[in-house]
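**Student:** Let me give you the structure first, and then I'll get to my questions.
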There are 4 protein chains.
Amino acid sequence: MSETFCDQLRKRSLSEPYAGLLGIEVAEVGEGSARVRMRVRPELANIFGATHGGALFSLIDEAFQLACNAHGILSVALNVSITYVAPPKGAALLEATAHEMYRTRRTSSYVCEIRDPESGKLVATAQALAYRTGKEIDLSEGS
Amino acid sequence: MSETFCDQLRKRSLSEPYAGLLGIEVAEVGEGSARVRMRVRPELANIFGATHGGALFSLIDEAFQLACNAHGILSVALNVSITYVAPPKGAALLEATAHEMYRTRRTSSYVCEIRDPESGKLVATAQALAYRTGKEIDLSEGS
Amino acid sequence: MSETFCDQLRKRSLSEPYAGLLGIEVAEVGEGSARVRMRVRPELANIFGATHGGALFSLIDEAFQLACNAHGILSVALNVSITYVAPPKGAALLEATAHEMYRTRRTSSYVCEIRDPESGKLVATAQALAYRTGKEIDLSEGS
Amino acid sequence: MSETFCDQLRKRSLSEPYAGLLGIEVAEVGEGSARVRMRVRPELANIFGATHGGALFSLIDEAFQLACNAHGILSVALNVSITYVAPPKGAALLEATAHEMYRTRRTSSYVCEIRDPESGKLVATAQALAYRTGKEIDLSEGS
């Protein structure tokens, strides 16, 4: 039975070094969408003991990266605008999603958000713009 | 001899968990400005082997966090818009700076960038907006 | 029969000087949402004959202004990030909408877009952040 | 004596319909930079009597449009993130500037701001990203 490109991309993400460093897990990759998770932990804290804005952004960026590359065309981030809504609770298992708003030959754009699925509370929202290089992605082994 | 608040903030950053996780070092904190560094390393790579957008953002966010809190009033990120210019070279020691553009009672804004100081090349730029809570920061021990 | 605050706000918009200058009509104001329209016309053209980016932004900003003030608390724009998707067709009657993503005591955020309702095509998207001053809006005559 | 492309672009802007509608004058166009002006007037007012956010954005967008096209390659706005700092005074002659931060083959980015030159006060700042189409601009008559 053949595997879809989205399945391959999700598998590849399991060995992504940065996702491993931050403890990000990929839950789902669809064409133009993705859902990822990260547990709030002490090593993600900033100087005031709150979750670092860079950690929250990274979770959104992981979802964005997968969503925009899920069409099989290599896409790179051009601009991301993140708005922080409310700090997450300690030990929360945060979930970030990215959904495609449009896609042209050269660019595509995504609306992203982080929620605490337990409480339903919104933590951050983002608008992300990708440049589509036109190059096909090759996920075959060794590449 | 008395230590300035900026010195205290820089010292506090030495024990920040997230900066430790990513390998971010704080070079300088001034009133409304900061300069930080991070070495490009394999553990910061995304699924395509390039430096993850979240790692680059985190470096900028660290500079922003220090710059906006350097006045002694607790400030939190409201919005950051990052534009990616060019991927950094492997093993480059990246430097991010944040500079205050304005500061009112309730908000302040910063222009930030990442460069590879060796080549002078621009890697990313950002515009960052902080909400100033009005609360004084207490960096005394145990807090 | 009593008029809602949203009705009052929509009425007030009929005499807004800037909306009059650009030819913006307000179709709908709800609590945290709004829908407005503008006809593409030669006087909105930029130096290349396309609709000026400022005109498109203004349409979105009108929807945002109404949506964020519809709760009766004076709110001012802090940051808006607009992404241009595709130029509108000549003489199209564009429609912009703003929808509230969240609202706290001090800030609220909106996802906005412009479409050509005839073709359904997306023209621009935006993410807009408002600062809520806490002051009640008084729309009584003469104010 | 030959005229530079920047001079031609500035001349062309004199007959731009949208700049005429809003009362925007172009003061200067350089390679990758521009300076434009607009007088605060009653017809630019929003429903609360303050200068409309769309009018302020339009002033910045005019500077951006000129700066990114001044290299002679047709460039279109991809994303603009504007931060509003403080409302301008009534009847102020506002000045907006755009300065190029970088330029690659496909994109270029600008830092923009509006000031009241009389008081020196900052009104708004923006970060603007252009897509460079690669097509040469032809400003010969009739085009």
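The values are calculated or read from the model by the stated rules, or taken from the named source; none is laboratory data. Please read these numbers as outputs of a predicted model, since none were measured by experiment. We place every Cβ from the backbone using ideal geometry, glycine too, and count neighbours over all the protein chains shown.
**Student:** On the given criteria, is A:Ser15 farther than 22 Å from B:Leu56 by Cβ and among the polar types (S, T, N, Q)?
**Tutor:** Taking the combined requirement at face value, the residue does not satisfy it.
**Student:** Something else now. If C:Ile47 satisfies every condition in (1) at the interface with chain D (Cβ under 7 Å from one of its Cβ atoms); (2) not in a loop (DSSP other than H, G, I, E, B) but one, which is the exception?
**Tutor:** Here C:Ile47 clears every test but (2).
**Student:** Out of (1) at pLDDT 95 or above; (2) within 14 Å of chain A (Cβ to nearest Cβ), the odd one out for B:Ser140 is which?
**Tutor:** B:Ser140 satisfies every listed condition except (1).
**Student:** Quickly run through the stretch B:112-136 and pick out the residues that are surrounded by fewer than 20 Cβ atoms within 10 Å (Cβ to Cβ) and either farther than 22 Å from D:Ala86 by Cα or of a type in the set (Val, Ile, Thr) (or both). I'd like the intermediate steps shown before the answer.
**Tutor:** Going residue by residue through the stretch B:112-136, those that are surrounded by fewer than 20 Cβ atoms within 10 Å (Cβ to Cβ) are B:115-122, B:132-136.
Correct list: B:Arg115, B:Asp116, B:Pro117, B:Glu118, B:Ser119, B:Gly120, B:Lys121, B:Leu122, B:Thr133, B:Lys135, B:Glu136.
**Student:** When the residues of the stretch C:77-122 are narrowed to those that are more than 10 Å from chain A (Cβ to nearest Cβ) and aliphatic (A, V, I, L, M), which ends up farthest from the chain's Cα centre (by Cα)?
**Tutor:** Across the stretch C:77-122, the extreme among qualifying residues is C:Ala91.
**Student:** Look at the stretch A:1-44 and say how many of its residues are more than 7 Å from chain B (Cβ to nearest Cβ), more than 21 Å from A:Arg103 (Cα to Cα) and in a loop (DSSP other than H, G, I, E, B).
**Tutor:** Residues flagged as more than 7 Å from chain B (Cβ to nearest Cβ), more than 21 Å from A:Arg103 (Cα to Cα) and in a loop (DSSP other than H, G, I, E, B) within the stretch A:1-44 amount to 8.
**Student:** If a residue must be in contact with a helix residue (DSSP H, G or I) (Cβ under 7 Å, 6 or more places away or on another chain) and among the charged types (D, E, K, R), how many such residues does the stretch D:1-45 contain?
**Tutor:** 3
**Student:** So how many residues does the stretch D:50-63 have that are buried (at least 20 other Cβ atoms within 10 Å of the Cβ), more than 7 Å from every other protein chain (Cβ to nearest Cβ) and more than 27 Å from D:Asp7 (Cβ to Cβ)?
**Tutor:** Qualifying residue count, the stretch D:50-63: 2.
**Student:** Still on this structure, please answer the following. Restricting attention to the stretch D:43-56, report how many residues are under 15 Å from the mean Cα position of the chain (by Cα) and free of Cβ contacts under 8 Å to residues at least 40 places away in the same chain.
**Tutor:** 3
**Student:** For the stretch A:56-108, what are the residues that are part of a loop (DSSP other than H, G, I, E, B) and either within 27 Å of D:Ala130 (Cβ to Cβ) or among the hydrophobic types (A, V, I, L, M, F, W, C) (or both)?
**Tutor:** A:Ala70, A:His71, A:Val85, A:Ala86, A:Ala91, A:Ala92, A:Thr104, A:Arg105, A:Arg106
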